[in-house]
Amino acid sequence: MKKTGCVLLVGLCAALLTACGFGGSSASDVGSLPAVESNVQQVTEDMQLSETSGSTENNSESSSVEDNTNADITVEKETSDEESEEEAIVQQNTFYVSVGEKVFSATFADNSGAQALKELLADGDITIRMSDYGGFEKVGSLGQSLPTENSQTTTQAGDIVLYQGSQIVIFYGSNSWSYTRLGKIDDLAGWQEALGNGDVAVTLSMQDK
């Protein structure tokens with residue numbers, strides 16, 4: 001742009017000198033000088049305005065590209081953070097069982113059913129309405145099926161098992177049946193008292209409340 005402007009200025013100056021050379025010092029040629037100078041000034045102003053406009057557009061485009069890049073980086077970082085958090089939760093081997101205001105930590109069993117439950121809990125807490133059965137357990141529907149690895153099991157208080165693929169059973173007594181172990185309460189202090197008698201809402205979570 002600047003080179004083109006210089007060429008135009010040189011050309012105008014050459015035209016001005018030529019006009020002066022051909023006309024000598026006649027009154028008509030002298031009278032035409034202001035008009036030529038005015039044209040030169042106008043061209044110069046147009047060049048400056050064009051350069052200013054181009055610079056503004058370039059700055060605007062640069063700013064827009066920078067904003068978009070920053071936005072992309074932010075989205076990628078948030079996605080990466082969420083994936084890292086979910087991965088850490090899935091690798092965690094402790095979960096929590098909340099009954100009323102009481103929270104008990106539990107340890108996952110090592111099988112496909114427990115792993116599937118862990119992955120469900122990584123997406124959010126699960127609350128199950130549970131009822132007494134047999135005077136030694138509470139049972140409630142998970143609402144979906146998990147993989148089973150059933151074996152004849154004699155349960156103890158604090159055991160958490162899967163029954164028929166979709167029923168979660170928590171024990172405050174003992175029973176012998178074919179179950180898939182899901183986990184076990186770490187500390188039974190206050191466990192039976194928290195479960196109480198009758199129906200109860202039990203929340204399973206990967207985070208301590």
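Every read-out reported here was derived from the displayed coordinates using simple, explicitly stated rules and does not represent laboratory data. Note that the structure is a prediction, hence the values are computed from the model and not measured. Here the Cβ is made from the backbone with ideal geometry for all residues, glycine too, and neighbour counts use every protein chain on show.
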(request) Subtracting the Cα-Cα distance from 0.36 nm times the residue separation, let me have the gained length for Thr107 to Thr127 in nm, one decimal. (result) 5.4 nm
(request) Set the Förster distance to 25 Å, then compute FRET efficiency between Gln207 and Ser166 from the Cβ-Cβ distance, nearest 0.05. (result) 0.55
(request) With label points built 7 Å along Cα→Cβ from the Cα atoms of Ser178 and Gln144, find their separation and express it in nm. (result) 2.5
(message) Quick one: the Cα spread of the range 94-205 along its three principal axes, in angstroms, biggest first?
(response) 31, 31, 24
